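The values are calculated or read from the model by the stated rules, or taken from the named source; none is laboratory data. No experiment lies behind these values; they were computed from the predicted model shown. Note: ideal-geometry Cβ built from the backbone for every residue, glycine included; neighbour counts use all protein chains shown. Just the protein is used for accessible areas: all its heavy atoms, side chains included, with ligands, DNA and RNA removed. Shrake-Rupley method; radii C 1.70, N 1.55, O 1.52, S 1.80 Å.
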Amino acid sequence: MAGVTIRPSTALLTDHYELTMLQAALHSGAASRQCVFETFARRLPQGRRYGVAAGTGRVLDAIEDFRFGDAELSDLRERAVVDERTLDFLADYRFEGDVWGYAEGETYFPYSPVLVVESDFAHGVLLETVILSILNHDTAVASAASRMTGASGSRPVIEMGSRRTHDEAAVAAARAAYIAGFASTSNLEAGRRYGVPTGGTAAHAFTLLHESEREAFEAQIASLGTGTTLLVDTYDVTEGVSTAIEVAGTSLGGVRLDSGDLVVQASEVREQLDALGATETRIVVTSDLDEYAIAALAAAPVDTYGVGTRVVTGSGHPTASMVYKLVAREDDDGRMVGVAKQSKDKISIGGRKYALRRRNAIGVVEAEVLGIGEQPVSDGDDRDLLVPLVAGGEIVGREHCTLRAARARHEASMAELPRSAHQLSEGRPAVDTVFLTETP
């Protein structure tokens with residue numbers, strides 16, 4: 001139908017063993033047992049003080065599109081991945097359970113139940129891989145992006161890392177970075193698919209295409225107007241700035257620096273622009289920036305930062321190390337019992353979790369309180385963290401995953417964290433996670 005976008009199935013974006021576990025559970029009769037799965041990180045990346053949950057909206061799309069059509073079933077049959085009984089189950093698969101989670105853009109800490117899936121084993125286990133692949137990537141990007149926007153203060157940051165990652169990861173990264181406060185992206189598909197603002201001007205190739213830098217600048221100004229940003233470091237920065245103002249006049253929108261000692265260059269270029277009367281011309285800096293480089297530029301006369309490689313790769317931590325664990329299941333008597341993995345260094349905590357953010361009298365977070373088996377009692381100004389996302393198989397929580405809502409949630413969540421959360425120096429999580437056991 002014209003105007004209707006049909007998304008591909010996400011059913012095979014999974015690991016082989018999800019299906020073999022399903023087949024064995026169908027055989028044993030345990031597939032129908034009610035279960036609770038939780039997605040969490042046992043620890044934050046080394047030295048990080050908080051994380052930012054992102055990708056939830058994409059998870060909801062993935063759950064909605066998790067369908068085994070003729071093509072998927074034929075492939076599984078031809079490769080003898082599972083038996084016919086399991087294929088019959090998959091042919092009718094529709095997730096019918098409930099999902100709760102942290103609103104997209106929310107900060108999280110070790111063991112925070114970022115996503116809670118309640119369903120029978122068969123329906124819940126199949127979602128593990130696709131949920132983790134989305135949340136681990138998007139959360140890693142958003143967590144890095146948040147540190148960068150925190151370091152940049154009121155100065156905007158542009159995401160421009162598409163050429164440093166997988167093509168689809170680039171689109172997801174642009175979305176995640178925008179949630180964490182980036183102003184725009186260079187990726188046009190992120191603009192089309194998610195509505196992330198896009199922007200861009202010219203690279204060194206455009207300057208090298210022409211016989212001279214002046215000719216390149218004249219062509220760009222003639223096409224894009226004086227509000228554009230000219231790249232001035234292809235040859236000599238000082239000469240490039242002079243040429244830029246001669247061609248565009250003092251109303252030139254901006255100049256971009258992409259190499260060298262950016263702190264020194266930005267100061268020199270600012271002085272030169274002001275001396276030429278271009279006092280409103282902005283200075284944009286790029287070149288392998290991360291949160292530490294941005295912080296080092298805080299005292300420099302920089303107006304905008306452009307970040308590529310470091311944001312799309314999580315600034316050294318390309319995964320959030322989240323896991324998807326069975327924490328409760330129905331026993332033979334129909335009661336829900338907590339279950340947990342006890343392997344060394346990979347401990348999980350049994351029981352369905354309910355999350356509360358404990359705040360003091362002035363609204364600063366004091367603890368991440370997790371009730372096991374029941375909701376912790378608020379002391380009056382605490383905040384519930386889990387919001388409904390899927391109810392009875394129906395998506396109900398998209399309002400928590402829009403870009404506008406996610407950006408607002410991120411900003412509000414960051415504002416209530418203690419000061420230590422905003423430090424870039426290595427340290428322990430800014431907020432302790434406290435477990436409350438179920439009352440007898």
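A few notes on this one:
- Under a 5 Å amide H cut-off, with hydrogens placed 1.01 Å from N, L436 pairs with L370, G371, I372 among residues at least 5 apart or on other chains.
- Spatially, segment 19-48 and segment 122-182 are offset by 24 Å when compared through their Cα centroids.
- Overall form of segment 25-70 per C-alpha gyration tensor (a/c, 1.5; a/b vs b/c): oblate
- Computed from the alpha carbon atoms alone, the convex hull of segment 248-401 holds 232 Å³ per residue.
- The heavy atoms of E72 offer some 40 square angstrom of accessible surface to a 1.4 angstrom probe.
- Nonlocal amide H pairs with G101, under 5 Å, H built at 1.01 Å: V116, V387, L389
- Largest accessible area first, the listed residues K341, K353 line up as K341, K353 when surface is computed with a 1.4 Å probe on the assembled protein chains.
- Looking at the chain, the accessible area is 45 square angstrom per residue; that uses a 1.4 Å probe and ignores ligands, DNA and RNA.
- Rough spin-label spacing in nm, given labels placed 7 Å along Cα→Cβ, for D261 and A361: 5.1 nm
- Mean residue ellipticity (222 nm) of the chain, computed from DSSP H runs ≥ 4 via -39,500 (n - 2.57), nearest 500: -10500 deg cm²/dmol
- Over 16 Å [Cα-Cα, segment 1-99], rounded percent: 68 percent
- Beta bridge orientation in segment 258-396: antiparallel %, DSSP, nearest 5: 90 percent
- Net charge, P197 excluded, C-beta distance under 14 Å - Lys, Arg +1, Asp, Glu -1: +3
- Between E215, E159, E104, the Gaussian network model of the chain with springs among Cα atoms under 10 angstrom shows the greatest mean-square fluctuation at E215.
- Among E280, E38, E18: highest mean-square fluctuation, GNM of the chain, C-alpha pairs under 10 Å: E280
- Per-residue ³J(HN,Hα) for segment 202-215, Karplus 6.51 cos²θ - 1.76 cosθ + 1.60, θ = phi - 60°, Hz, x for Gly and Pro: 8, 10, 4, 4, 5, 5, 5, 5, 9, 5, 8, 5, 4, 4
- Residue among F206, F95, F182 with the largest mean-square fluctuation in a Gaussian network model of the chain, springs linking Cα atoms under 10 Å: F206
- Each residue of segment 380-393 was assigned a 3J(HN,Hα) from its phi angle through the Karplus expression (A = 6.51, B = -1.76, C = 1.60, θ = phi - 60°), giving x, 10, 7, 10, 5, 9, 7, 10, x, 10, 9, 10, x, x Hz with x at Gly and Pro.
- Rounded, prolate or oblate (a/c below 1.5 giving rounded, otherwise prolate when a/b exceeds b/c) for segment 174-231 by Cα gyration tensor: prolate
- Shape of segment 359-411 from the C-alpha gyration tensor: oblate (a/c of 1.5 or more and a/b not above b/c, with a ≥ b ≥ c the square roots of its eigenvalues).
- Exposure ranking of I221, I294, I362 by accessible area [1.4 Å probe, largest first]: I362, I221, I294
- Sequence-distant residues sharing a close amide H with L231 (under 5 Å, placed H): R256
- Shape index of segment 151-249: Rg/Rh, with Rg the Cα radius of gyration and Rh the Kirkwood radius from the inverse mean 1/r over Cα pairs, equals 1.04.
- Put simply, the chain fits an ellipsoid with semi-axes of 47, 27, 16 Å; these come from the alpha carbon gyration tensor as the roots of five times its eigenvalues, largest first.
- Over all other residues within a Cβ to Cβ distance under 10 Å of A103, the charged ones net out to -2, with Lys and Arg as +1 and Asp and Glu as -1.
- Beta bridges by DSSP in the chain, antiparallel share as percent, to the nearest 5: 65 percent
- Between segment 196-213 and segment 253-304, the alpha-carbon center distance in angstrom: 18 Å
- Here the Karplus relation 6.51 cos²θ - 1.76 cosθ + 1.60, evaluated at θ = phi - 60°, turns the backbone of segment 140-149 into coupling constants of 4, 5, 5, 5, 5, 4, 5, 5, 6, 5 Hz, with x for every Gly and Pro.
- Taken along the Cα-to-beta-carbon direction at a fixed 7 Å, the label points for A391 and A219 span 5.9 nm.
- Note on the chain: with neighbouring protein chains present and a 1.4 Å probe, carbon and sulfur make up 51 percent of its accessible heavy-atom surface.
- Fraction in percent of alpha-carbon pairs per bin - 5 Å, segment 93-135: 5, 19, 29, 25, 14, 7, 1
- The order of H27, H317, H16 by accessible area, most exposed first and with a 1.4 Å probe, is H27, H16, H317.
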